[in-house]
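The values are calculated or read from the model by the stated rules, or taken from the named source; none is laboratory data. Every value quoted in this text rests on a predicted model; they were computed, and no experiment measured them. Because the Cβ atoms are built from the backbone with ideal geometry, glycine has one as well, and the counts that use them run over all protein chains shown. Heads up: the accessible areas ignore ligands, DNA and RNA and are worked out on the full protein's heavy atoms, side chains in. Shrake-Rupley method; radii C 1.70, N 1.55, O 1.52, S 1.80 Å.
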Amino acid sequence: MQIYVNEQELDAELTGEQNLAQIYKAVNEWIAGHNRYILSMRVDSQDVALSGLDDIGMESVARVDFYVGDELDMVLTTLGELDRYVDQIGSTLYESDGVGENDIVNLNEGLQWIRQILASFSSIINLDLGSMSVLVPGSAGSEAIDRILERLDKRIQNFVHQNGREAIEDFLEDLRSFKFFVMKLELQLRTMNARTDELVNLVERFDKEIPELTKGIVSINEGFNSGKDFAALETLDRVTERLNEYISALFALDYQLRRAADAGGEGARTLKDIQVGDVSFHSVATDLTGLLKDLSAALEENDIVAAGDILEYELTEKLGLLQPYLTEIRQLVLATRS
């Protein structure tokens, strides 16, 4: 039997393994020592269920292929499974007139799996996913994903008492919001896989566009104050989208620098090491993401006054404070490549 890892034949001898489950365990332990993960497995060019590997003897197999990647590859692969699972729930319930007892059990188990997946993601990529906000379809604002998951949980429990079309539609509405979150997260994580040159270009563009972004933020508040809420919200969507893109690029650079630091040992620097005066980049970035979270909460509660104050005074100030750090970040990245 031949064993391949990412299309390269594995030059290693078997040590008493009797079935494919034992082979899987041995390969998994080997690559874990190199901070890699099994993304998928094929047996004689066919996909197989991991639960059935115990029943497949090695004498009946000619070739086993393992596809492995780093932690980000693993997260993206799992995120794809999560996306397909959400679509499956949505399509099933969309065509259903009621929710049975078995459906409630499956939905509870599925939601528990989703929470476990997000907790694992948060640990691996060092992001607080629970506090991430996502645009709620049909709404003027956005909402933290934790709140959406809590509401999905309550709706599942409510199916015990009310499981008709109206209850299903309410559940599907929150499920669509979660779907938007999954799409947003995938976009951010794929940014982490971008080339360093692309990320540095985004940081440079962020630096140059801060004055324009600040003007746009001020115009949003002016729109709210003059009763032009719709135009103000459109501008807010554009500004928020650009900020999310730039912040994602910063997270991606931080991820790449941390990986380089882990590989390079002592002396390697990351974004957490950057300071301007006595204030760290991490502190400013945390304050900025906190303001975006507060802004989402204010819009969710339709508190235009609070949203306007955050936009015109706090957010514009924080963007101005961020500019010197962007120059330092660019210089740090270039230094690590020289």
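Order the following by accessible area, largest value first: ILE304, ILE114. Probe radius 1.4 Å; ligands, DNA and RNA are ignored. Walk me through the intermediate numbers first.
Values: ILE304 50, ILE114 10 Å².
Order by accessible area, largest first: ILE304, ILE114.
Between (i) 1.04; (ii) 0.97; (iii) 1.54, which matches Rg/Rh (Cα atoms, Kirkwood Rh) calculated for the structure shown?
(i)
Using the Karplus curve 6.51 cos²θ - 1.76 cosθ + 1.60 with θ = phi - 60°, what ³J(HN,Hα) values do you get for each residue of region 149-165, in whole Hz, with x for Gly and Pro?
With coefficients 6.51, -1.76 and 1.60, one gets 5, 4, 5, 4, 4, 5, 5, 5, 5, 6, 4, 4, 9, 9, 10, x, 4 Hz.
Residue-wise, which Karplus ³J(HN,Hα) couplings in Hz belong to region 68-79, taking 6.51 cos²θ - 1.76 cosθ + 1.60, θ = phi - 60°, and x for glycine or proline?
Values per residue, Gly and Pro as x: 10, x, 7, 5, 5, 4, 5, 4, 5, 5, 5, 5 Hz.
Just by accessible area at a 1.4 angstrom probe, what is the order of HIS161, HIS282 from largest to smallest?
Details: HIS161 160, HIS282 90 Å².
Sorted by accessible area, descending: HIS161, HIS282.
Dipole size in debye (nearest 20) for region 141-270 around its Cα centre, Lys and Arg Cβ +1, Asp and Glu Cβ -1? Each step should come with its number before you reach the end.
Details: 19 positive and 25 negative charges, 36 e Å.
It works out to roughly 180 debye.
Would you grab the residues whose amide H sits under 5 Å from the one on VAL68? Only those 5+ places off in sequence or on another chain, please, with H modelled 1.01 Å from N.
ASN6, LEU39
Roughly how many percent of the accessible protein surface of region 85-128 is carbon and sulfur, given a 1.4 Å probe and a whole-percent answer? Mind showing how you got there, number by number?
Numbers: 1200 of 2630 Å².
Heavy-atom surface of region 85-128 belonging to carbon and sulfur, 1.4 Å probe: 46 percent.
Taking amide H positions as placed 1.01 Å from N in the peptide plane, with prolines and chain starts having none, which residues 5 or more places from LEU10, or on another chain, fall under 5 Å of its amide H?
ILE3, TYR4, VAL5
Of the options ALA306, ASN106, MET74, report the single residue whose Cα projects farthest towards the positive end of the charge dipole of the chain (beta-carbon charges: Lys, Arg +1; Asp, Glu -1).
So the residue we want is ALA306.
What's the longest bit of the chain with no exposed GluC sites (Glu not before Pro), using DSSP loop states and at most 11 other Cβ atoms within 10 Å as the test?
On the way: sites that count: GLU7, GLU13, GLU95, GLU266, GLU301.
In short, 96-265.
Provide, as a two-decimal number, the C-alpha radius of gyration of region 1-122 over 2.2 N^0.38 Å, N being how many residues it has.
Details: Rg = 17.8 Å, N = 122, 2.2 N^0.38 = 13.7 Å.
With N residues counted in region 1-122, Rg over 2.2 N^0.38 Å equals 1.31.
Taking the Cα centre of the chain as the origin, how large is its charge dipole in debye, to the nearest 20, when only Lys and Arg (+1) and Asp and Glu (-1) carry charge on their Cβ atoms?
Details: 30 positive and 61 negative charges, 147 e Å.
It works out to roughly 700 debye.
Would you mind telling me the share, in percent, of accessible area of region 175-218 contributed by carbon and sulfur at probe 1.4 angstrom? Numbers along the way, then the final one.
Values: 1180 of 2180 Å².
In region 175-218, the share of accessible area belonging to carbon and sulfur is 54 percent.
Can you find, among LEU233, GLY277, TYR24, the residue farthest towards the positive end of the dipole of the chain? Put +1 on the C-beta of Lys and Arg, -1 on that of Asp and Glu.
The one lying farthest along the dipole's positive direction is GLY277.
Give me the aspartates and glutamates in straight-line cross-link reach of LYS318: C-alpha distance below 15 Å, same-chain residues under 8 apart excluded.
Answer for LYS318, where 15 Å is the Cα cut-off: ASP207, GLU209, GLU212, ASP287, ASP294, ASP309, listed by chain and number.
For PHE251, what accessible area in Å² do you get when you roll a 1.4 Å probe over the heavy atoms of the protein chains, rounding to the nearest 10?
Ignoring ligands and nucleic acids, PHE251 comes out at about 70 Å².
Between their Cα atoms, which of LYS184/LYS215; LYS272/LYS293; LYS154/LYS228; LYS25/LYS179 are more than 28 Å away from each other?
Too far apart for the 28 Å limit: LYS154/LYS228; LYS25/LYS179.
Enumerate the amide H contacts of ARG36 below 5 Å, restricted to partners 5 or more residues apart or on another chain; note that Pro and chain-start residues carry no placed amide H.
For ARG36, no residues qualify.
Accessible area, 1.4 Å probe, largest first: how do TYR94, TYR325 sort?
Values: TYR94 155, TYR325 10 Å².
So the residues, ranked largest to smallest area, are TYR94, TYR325.
Could you state the accessible area per residue of the chain in Å², with a 1.4 Å probe and every protein chain left in place? Provide the component values of the computation, followed by the final result.
Values: 18250 Å² over 338 residues.
So the chain comes to 54 Å² accessible per residue, rounded to a whole number.
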